[in-house]
Amino acid sequence: MKKQLTWLLAGALALGIAAAAPQAAKAAEVPEVKEFPAEPDTSIDKLDQFKAYYEGLNQGTLEGGRTYKIYVPEGARRDASCYYIAVPNGVDTAEFLVNTGWKAIADRDLVDLCFFEPADQTWGDWEAEADYFKAAYGQFSGTTYVYHDIFNWRYIGYGEGGELMQQYAMRNPMQVSAYAQMGAMGTMTAEEMEAIGSQPFMVRDWETPVKVGEAALPIWIIAGEEADINAEVDYFRAANDTEEEPVYLANESLQFNQKPFSSNVFTYDQKVGTVKVTRVAEVDYYNEAMTEDMYKFVNLYARSGSGSPYSNSLTRSVSDDTFIREEEVVDGWQREWFIYTPSNWDGEESLPMVIFFHGTGQSGLLAQRQGDWWKIAELKHFIAVCPSGSLENVRAAGKIPQMSWNVEGYGNAPEIPFVSWLIDHMIEAYNVDPGRVYTTGQSNGGRMSIYTALALPKKVTAVASAGASSLITGAGNFDFKGVEGEYFLPDDTDESAIVPYMCTLGEYDVANFDLTDPNSDASLRTGYFAGRYGLDIENRITYMNGKDTYTIWENADGVPLLENIIIGGRAHSHRPEENKIMWDEWFCRFSRDPETGIVYYGDRAVAE
């Protein structure tokens, strides 16, 4: 059967699409190419936090004179989804933007387009271009001028540029949600691809057992009849762990789908690995219908998590209208939040609420898309809310301002008044149960979840942070001045009520979780909460659950009030499967009587 498939892929699937001669773009349609300024705009407009800082077609110049271009349509959000496009030889990028139909798509859907382009319209080989791809990617993702939708980057490659983009994607698959390659030429040998795919993923100095070539990466390969693409089809079929038999699609393309019981580490949740193959009689880059189809294909997929294959997951994408967006000016700052309510909720039943705070540089929209709390909310019947932080440029010198939570004196908006107002608003407008409000978040957002519980213990029932063990420890940071060896507490800390606290950290996270080190982040945190809740710090329960290590501190009545989980293999990120742990093993077990303020573990009251 394999020989038969190889024969089919060699040319029997020609669609007979006649190539239309590309029409020259009208001068009025081709956008003016503007140069990014040497110093980006770092101003902050408190009442317009979500605008893009640069619009139109802008060009940046890398060291050595190589250029890249970014098109941002008028009205796009600063966190708009972005698409990385490698142009073929012999085209003007501005005209290519228009003639392919990409500009029309960007203007319609308010998405950003990032162009890799060759020197003098001619690409070199990988050895000559590798540094350019790395440097240009750094500009696209580095928020120097434009912020891009983190971890949802979709790749589209054409001709010679597409062959190079394929190599970049193969080497960096955790940076790519999906890839569509038009005009594939099959320039790489099976041996060259094997050399790339056999490399292990490295996490710090740890050589993981997962190989680069095992990273599920959906791809659509569009090639002419004569192109020998069998080797790359085989490579990506192995990477996506597909079934042997393809599905024959309506347009006579072949699609290989991931095995339903695949153990691929990147697709633990949804088996979405895909290899689609289309043969055309003649490759036509300016076929706008094909452009639209490639756009739809890459939009099917999303990726989240970084740093480790045990942190990274590939899933189906979700449209932004899945969530309700609301905004309000609070304390002089424009604030927004994104809400998910269960599809079978009629508004009459009072539901629990989980607030998920995003990490530095992200937004509430990205948190909903990538944090996947909305899926647990649908399954477990609660409301998920993801607010956006506020702009700051203290930690992003020389770049456009980034969104973060003001938990370490970054100079942005006061957060606790906003979150307190938001909780009250959700209780009133969405019938949220005031006794079942929970906070969580990743990294900077994880710290915000702790900060909220420290400052609003009578409004927050329980907290579970990810990749953020504490607020400041050590010598302090910016305007907050910590004391070496002490757990830092904000001025508005309220110790009048108990808030059970779970912390999940990756085995290769940035925080020091060594409980035997008295000055470690985790020791200072657990020491503070143990003392506050009257727990015996030395009396702990420790056990392994799969690859994860649990440490639990219970009170005298056997109620767990403090929990530490080290997620095996994970780096500094948040993998959506941790949401299930937080909900099933923590949040759903605690409630608070809104009248008395007493916390309950099931039906047992937790003594102060």
Checklist outcome for this item: Those residues of segment 561-608 which are without any contact (Cβ under 8 Å) to a residue 40 or more places away in the chain, buried (at least 16 other Cβ atoms within 10 Å of the Cβ) and on the phi > 0 side of the Ramachandran plot amount to none
Checklist entry - So which strands (runs of 3 or more DSSP E) stay within segment 145-212 end to end and still have 2 or more residues that are touching a residue at least 24 places away in the same chain (Cβ under 8 Å) and small (Gly, Ala, Ser)? => result 178-184
Next on the checklist: Looking only at segment 251-302, count every residue that is closer than 22 Å to VAL91 by Cβ, of a type in the set (Phe, Trp, Tyr) and in a loop (DSSP other than H, G, I, E, B) and tell me the total.
Outcome noted: 2
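May I ask you to say which residue of TRP405, TRP421 is at pLDDT below 95 and on the phi < 0 side of the Ramachandran plot?
TRP405
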Item to check | Selection from segment 63-112 of residues that are basic (Lys, Arg), part of a strand (DSSP E or B) and more than 18 Å from GLY162 (Cβ to Cβ) | outcome: ARG77
Item to check | Count - residues of segment 368-401 that are small (Gly, Ala, Ser) and part of a strand (DSSP E or B) | outcome: 2
Next on the checklist: Anything in segment 368-390 that is among the acidic types (Asp, Glu) and in contact with a Ser or Thr (Cβ under 7 Å, 6 or more places away or on another chain)? List them, or say none.
Outcome noted: GLU378
Item to check | Residue tally, condition touching a Phe, Trp or Tyr at 6+ places or on another chain (Cβ under 6 Å) and under 28 Å from MET202 (Cα atoms), over segment 489-547 | outcome: 3
Checklist entry - Does segment 530-548 include one or more residues that are of a type in the set (D, E, K, R), touching a residue at least 40 places away in the same chain (Cβ under 8 Å) and within 24 Å of VAL460 (Cα to Cα)? => result no
Checklist entry - List the pairs whose first member sits in segment 306-319 and is charged (D, E, K, R), whose second member is part of a loop (DSSP other than H, G, I, E, B), and whose Cβ atoms are under 7 Å apart, counting only residues at least 6 apart or on separate chains? => result ARG316/GLN270; ARG316/VAL272; ARG316/LEU300
Checklist entry - Could we say that GLU428 is out of contact with any strand residue (DSSP E or B) (no Cβ under 8 Å at 6 or more places or on another chain) and in the same structural domain as ALA571 (by TED's automatic domain parsing) here? => result yes
Item to check | Residue among SER343, SER317, SER350 that alone is under 19 Å from the mean Cα position of the chain (by Cα), farther than 18 Å from ASP48 by Cα and surrounded by fewer than 23 Cβ atoms within 10 Å (Cβ to Cβ) | outcome: SER317
Next on the checklist: Whether any residue in segment 148-165 is charged (D, E, K, R), farther than 29 Å from GLU226 by Cβ and within 19 Å of the chain's Cα centre (by Cα) is what I want to check.
Outcome noted: yes
Next on the checklist: Taking the conditions exactly as written (among the basic types (Lys, Arg) and closer than 16 Å to ARG447 by Cα), does ARG525 satisfy them or not?
Outcome noted: yes
Next on the checklist: Can you find, within segment 268-282, the residue that is farthest from ALA231 (Cα to Cα) among those that are under 25 Å from the mean Cα position of the chain (by Cα) and either surrounded by fewer than 20 Cβ atoms within 10 Å (Cβ to Cβ) or without any contact (Cβ under 8 Å) to a residue 24 or more places away in the chain (or both)?
Outcome noted: ASP269
Item to check | Lone qualifier among GLU39, GLU63, GLU74 - being free of Cβ contacts under 8 Å to residues at least 40 places away in the same chain and surrounded by fewer than 21 Cβ atoms within 10 Å (Cβ to Cβ) | outcome: GLU74
Next on the checklist: Out of the residues in segment 479-512 meeting the condition of being modelled with pLDDT under 80 and of a type in the set (Phe, Trp, Tyr), tell me which one is surrounded by the fewest Cβ atoms within 10 Å (Cβ to Cβ).
Outcome noted: PHE480
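The values are calculated or read from the model by the stated rules, or taken from the named source; none is laboratory data. For clarity, every value in this text was computed on a predicted model and none was experimentally measured. We place every Cβ from the backbone using ideal geometry, glycine too, and count neighbours over all the protein chains shown.
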